[in-house]
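Structure, as structure tokens:
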Amino acid sequence: MGRHEQREQVFLLLFREEFHAREEMPEQVKLFLEDNEAIVLDKDASYVTERYERIQEKLPELDRIIGEKTEGWDTKRIGKVELTVLRIAAYEILFDEDIPNGVAINEAVEIAKKYGQETSGRFVNAILAKLVKTGEENS
């Protein structure tokens, strides 16, 4: 499984956060991995769960930063797909020095286009561009 597919699996797992209580998520992670035909190798399962857990730990901080960049859009008003994509990309931009900002943004836009609405890609791109432009990235 390549990085794009791994990132998409992280998206699908993190998306479950929007529909389940935090206490339910360990069971949701287990179910996600058991029922997922796309994840066949242990190394991919480890990558997806570890990345998910690292992002989950930073959710309050990520949501605060995303909220600051959306000007007038509280994170509760952002679509679930877009918010999940923004959380992953913001994590990569701010906390993962191994992923170039351009790659994080491009991947986020592609996932937003695939799972979101017609304008999701543009919305995600605009917010992430603001994040990078304001110099908060970790590079």
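Residues are listed down the side, and each one gets a yes or a no for (1) closer than 18 Å to residue 87 by Cβ; (2) of a type in the set (Gly, Ala, Ser); (3) out of contact with any Asp or Glu (no Cβ under 8 Å at 6 or more places or on another chain):
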position	(1), (2), (3)
1	no, no, no
16	yes, no, yes
20	yes, no, yes
33	no, no, yes
39	no, no, yes
42	no, no, yes
51	yes, no, yes
54	yes, no, yes
62	yes, no, yes
Scanning the stretch 98-139 residue by residue, those β-branched (Val, Ile, Thr), surrounded by fewer than 20 Cβ atoms within 10 Å (Cβ to Cβ) and either outside any helix (DSSP H, G or I) or in contact (Cβ under 8 Å) with a residue 40 or more places away in the chain (or both) turn out to be 99, 119, 134
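Readers should treat all values here as calculations from the given coordinates under stated rules, not as data from a laboratory. From a predicted model like this one, the values you see are computed outputs, not experimental measurements. Backbone-built Cβ (ideal geometry, glycine too); neighbour counts: all protein chains shown.
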